[in-house]
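The values are calculated or read from the model by the stated rules, or taken from the named source; none is laboratory data. Quick caveat, the model's predicted, so the values are computed rather than measured. Here the Cβ positions follow ideal geometry from the backbone for every residue, glycine too, while neighbour counts run over all protein chains shown. Ligands, DNA and RNA are excluded from the accessible area calculation, which covers all protein heavy atoms including side chains. Shrake-Rupley method; radii C 1.70, N 1.55, O 1.52, S 1.80 Å.
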Amino acid sequence: MIIILTSDICKKISGGTVYNTKLFEFLITKGRTAAVDVVSDINGYDFRDDVSYIIDGILIDKKLNVTRLKGFKICFLIHLWPSVNGLQVNNSLIKVEKSICETFMILVTGMGSLDYINNIIQPAAKTCCLIEPGIDSGWKTKDSFKEKPQKIVYLANFIEGKGHTKLLELVKKLRYLDFKVDCFGEILSKPYFLELVSEVERCELVNITFNNAVPHEHINELLLEYDLMLHFSDYESYGMGIMEALCAHLPCIITPTGNFKKYQSIGIQGILNSFNVSEMTDTVKDVLNSPAMYLQLIQSVKGLNMQSWETNFELFLSKIEEL
């Protein structure tokens, strides 16, 4: 029996919840007895000796009794370390995270979380493995493009650190150009979202819209409707939406977060050098105005292929069976 423990975030759409859902479905197809339990406090959870547990890192908090968990078959699945808040480090959680790393198997879904172990939490985890998201079978690719991009998509949940405020500054500066940005995501921070809406109304920004999250099964078709993706997040462990856009051969302009180093190593263009709004604005302006620059972005993503969920999860299953 394998139980995935997570929070009520599973009711929302995000890279982490999609990953967990795909993992659960994979375990079932492999003939494993599996379940998902939504809990608010691990300290009060009734663990069993005959069950293997995958604990979503979103449940880690500074009050977690790590000692109580010893002796059970547990691994922690880290989409993003809780002590990461944008570019700020929450030191009150570091001690708990360090204890977890020293005691349990850690499975991370992105290089951002792996680097965080080595650079911030320290020492490196006792047992750690990187198991990235995969791509759905039959993923469709974009094969026709305009001379210059006009329809732009921004996939990110509405919560601090996801770059929408930078996006608004860019739109203000480039509002005279012929383009439109459609933002899609869950509202995870209502004050943040309302601030964005207020700013759009105050500045009468007609070329940007805010929309609800799109079910994951419709993401591929949505991406094919657009000419370009923007993503200006301050932090990503992996950046599933970016990966899916690139696998759809949709060019992107993104901040240097998540899987960006791997993308750079294979020649993907559109990765910014900083989180500076001026650099973002200049780059987007050049791409909007230059068919040649836009074509370079398109050509750089045409050969990208990623592994399937099943291929990646075979490694995940082997790790669970080591517990």
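The table for this structure:
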| quantity | calculated |
| --- | --- |
| Index of the failed condition, Leu323 passing every other in (1) farther than 30 Å from Ile4 by Cβ; (2) open to solvent by 10 Å² or more (accessible area, probe 1.4 Å); (3) in contact (Cβ under 8 Å) with a residue 60 or more places away in the chain | (1) |
| Residue within region 169-178 that is closer than 21 Å to Val277 by Cβ and crowded, with 20+ Cβ neighbours inside 10 Å present | yes |
| Any chance Ala245 is under 17 Å from Asp136 (Cα atoms) and either without any contact (Cβ under 8 Å) to a residue 12 or more places away in the chain or of a type in the set (Gly, Ala, Ser) (or both) | yes |
| Residue identified as in a helix (DSSP H, G or I) and over 29 Å from Gly138 (Cα atoms) among Ser274, Ser278, Ser300 | Ser278 |
| Of all residues making up region 52-76, the number that are within 21 Å of Tyr19 (Cα to Cα) and either open to solvent by less than 20 Å² (accessible area, probe 1.4 Å) or without any contact (Cβ under 8 Å) to a residue 12 or more places away in the chain (or both) | 11 |
| Members of region 227-239 that are at pLDDT 95 or above and open to solvent by 10 Å² or more (accessible area, probe 1.4 Å) | His231 |
| Residue among Thr311, Thr257 that is touching a Ser or Thr at 6+ places or on another chain (Cβ under 6 Å), touching a residue at least 40 places away in the same chain (Cβ under 8 Å) and polar (S, T, N, Q) | Thr257 |
| Test for Lys285: is it open to solvent by 10 Å² or more (accessible area, probe 1.4 Å), within 24 Å of Glu132 (Cα to Cα) and touching a residue at least 24 places away in the same chain (Cβ under 8 Å) | no |
| Unmet requirement for Ser137, which otherwise passes all of (1) more than 27 Å from Phe313 (Cβ to Cβ); (2) in contact with an Asp or Glu (Cβ under 9 Å, 6 or more places away or on another chain); (3) open to solvent by 50 Å² or more (accessible area, probe 1.4 Å); (4) in contact (Cβ under 8 Å) with a residue 40 or more places away in the chain | (1) |
| For Gly161: the one exception among (1) buried (at least 16 other Cβ atoms within 10 Å of the Cβ); (2) modelled with pLDDT of 95 or more | (2) |
| Complete set of residues in region 215-225 that are within 12 Å of Asp182 (Cα to Cα) and open to solvent by less than 30 Å² (accessible area, probe 1.4 Å) | Leu222, Leu223 |
